[in-house]
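> Sharing a structure here in structure tokens format.
The values are calculated or read from the model by the stated rules, or taken from the named source; none is laboratory data. Given the structure is predicted, the values throughout are model-derived calculations rather than measurements. Methodologically, a virtual Cβ is constructed for each residue, glycine included, from the backbone with ideal geometry; neighbour enumeration extends over all protein chains shown.
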Amino acid sequence: MTGACVRSYAHNGPVDVRASTSAHRKGSHVSDRHEQWGHSHEVRRHEHGHGHGHGHPGSRHPLRHRISHLLTPHSHETADKIDAALESSARGMRALWVSLAVLGATALAQGVVVVASGSVALLGDTVHNTADALTAVPLGIAFVLGRRAATRRFTYGYGRAEDLAGIAIVLTIAASAAFAGWAAVERLLAPRPVAHLPAVAAAALIGFAGNEWVARHRIRVGRSIGSAALIADGLHARTDGFTSLAVLLGAGGSTLGWEQADPVVGLAITAAIVLVLRDAAREVFRRVLDAVDPVLVDRAEQALAAVPGVRAVGELRLRWIGHRLRAEVAVVVDGEATVRQAHAVAVDAEHALLHAVPRLTAALVHADPEPAPGEPDPHRRLAHHAPA
């Protein structure tokens, strides 16, 4: 089979990415079950206070865990917001929109008190809650677009709409941080007393209660449908409630006669928003540039190397399209294998990838013949197309 090229096209039809052979559909279902198992494992980690990226023993030191989690920026990356269980569940999507309504109502109630009191600390918490609520809008739009079938113009589908949603989320967070910081600095330069301190304290408690309700609702629904993403979002809402309690501290300081307590707390809230912004911007920037976790590449290479008939693993590429991964890989097979035999190896290689890499839904496998002594490189005729 010298010079032969064999490709495995699971879910890779030129127009409809959902079209595939029955064998490939079976492989996809196996992959979905593997992905759901992976997320269920992540759910258990979150339930025990060991969620991805946190690593704090919440079961033994819940207060320390919450404080540490509060100081750790949490991701607004869209791929972390939607997982298999959430995507396939109407309850899960409904929980996101209910959370939007509750956080929006909370921010509206706080906004009324901001106008009456002039508290910049409460203003910072209000814009933070508003930004968190509004992030559900571009994410929801991207989710709806991402479910549309591929076309002859958008041959990979509309999954990259989630990258645009990520950019919109980053811009929203940046605007909220700039506004909150500007208001706090202005108040520091021109201090004035905060009016209606009891109302400010009540609004702070409303902010905490709203975030806590959203947290409990997301976690409860997330556990019910097995969505680690929704549970993680609930934990983030819970830690956001501590930002609202910081406003309560500012109100207490103002009550004791420290005029700068309110803008100082406002600056602290701004700093918290900036930390979230940094984390979100980094994730979105990486996603736009098709970055993936190197661990996934290692897992893919190891899985391919273990496939019978694969003599070596060549070029391997992974990329995100929405919240799903696609792979392109070249594997070396026996140079004397028939086309059918090489294709079987390619299918086995794809099957191994679907099991090994979470969220992988398609792989394009190119089979290269193992070179024989003195045989010219079959790809030599492509050399003049290589970038300079």
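> Is there a residue in region 340-349 that is under 23 Å from PRO371 (Cβ atoms), under 29 Å from the mean Cα position of the chain (by Cα), assigned to a helix (DSSP H, G or I) and touching a residue at least 40 places away in the same chain (Cβ under 8 Å)?
yes
> So, one more: Which condition does VAL345 not pass, out of (1) out of contact with any strand residue (DSSP E or B) (no Cβ under 6 Å at 6 or more places or on another chain); (2) surrounded by 19 or more Cβ atoms within 10 Å (Cβ to Cβ); (3) over 30 Å from GLU283 (Cα atoms); (4) hydrophobic (A, V, I, L, M, F, W, C), if it passes all the others?
For VAL345, the exception is condition (1).
> Being under 30 Å from HIS366 (Cα atoms) and either in contact with a strand residue (DSSP E or B) (Cβ under 7 Å, 6 or more places away or on another chain) or assigned by TED's automatic domain parsing to the domain that holds GLY159 (or both) narrows it down to one residue among GLU301, GLU283; which is it?
Just a single option satisfies the conditions, and that option is GLU301.
> Out of (1) assigned to a helix (DSSP H, G or I); (2) touching a residue at least 60 places away in the same chain (Cβ under 8 Å), what's the single condition that is false for ARG286?
It is condition (2) that ARG286 fails.
For every residue, the table says whether it meets (1) over 25 Å from ASP279 (Cα atoms); (2) in contact with a Lys or Arg (Cβ under 9 Å, 6 or more places away or on another chain); (3) of a type in the set (A, V, I, L, M).
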| position | (1), (2), (3) |
| --- | --- |
| ARG187 | yes, no, no |
| GLY210 | no, no, no |
| ALA246 | no, no, yes |
| LEU249 | yes, no, yes |
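> Sticking with this one: Being small (Gly, Ala, Ser), at pLDDT below 95 and under 30 Å from HIS236 (Cα atoms) is true for just one of ALA388, ALA291, ALA363. Which residue is that?
On inspection, the qualifying residue turns out to be ALA291.
> For region 145-198, enumerate the residues that are without any contact (Cβ under 8 Å) to a residue 12 or more places away in the chain, closer than 30 Å to VAL288 by Cβ and over 25 Å from the mean Cα position of the chain (by Cα).
Listed by number, the residues that qualify are ARG153, TRP182.
> Are any of the residues in region 92-102 buried (at least 19 other Cβ atoms within 10 Å of the Cβ), free of Cβ contacts under 8 Å to residues at least 40 places away in the same chain and of a type in the set (Gly, Ala, Ser)?
Among the residues of region 92-102, not one is buried (at least 19 other Cβ atoms within 10 Å of the Cβ), free of Cβ contacts under 8 Å to residues at least 40 places away in the same chain and of a type in the set (Gly, Ala, Ser), which makes the answer no.
> For region 302-326, which positions are modelled with pLDDT under 95, small (Gly, Ala, Ser) and either crowded, with 18+ Cβ neighbours inside 10 Å or under 27 Å from ARG147 (Cα atoms) (or both)?
Result: GLY322, single match.
> If TRP258 satisfies all but one of (1) outside any helix (DSSP H, G or I); (2) of a type outside the set (Val, Ile, Thr); (3) outside the structural domain of LEU164 (by TED's automatic domain parsing), what's the number of the condition it fails?
Result: TRP258 fails condition (3) only.
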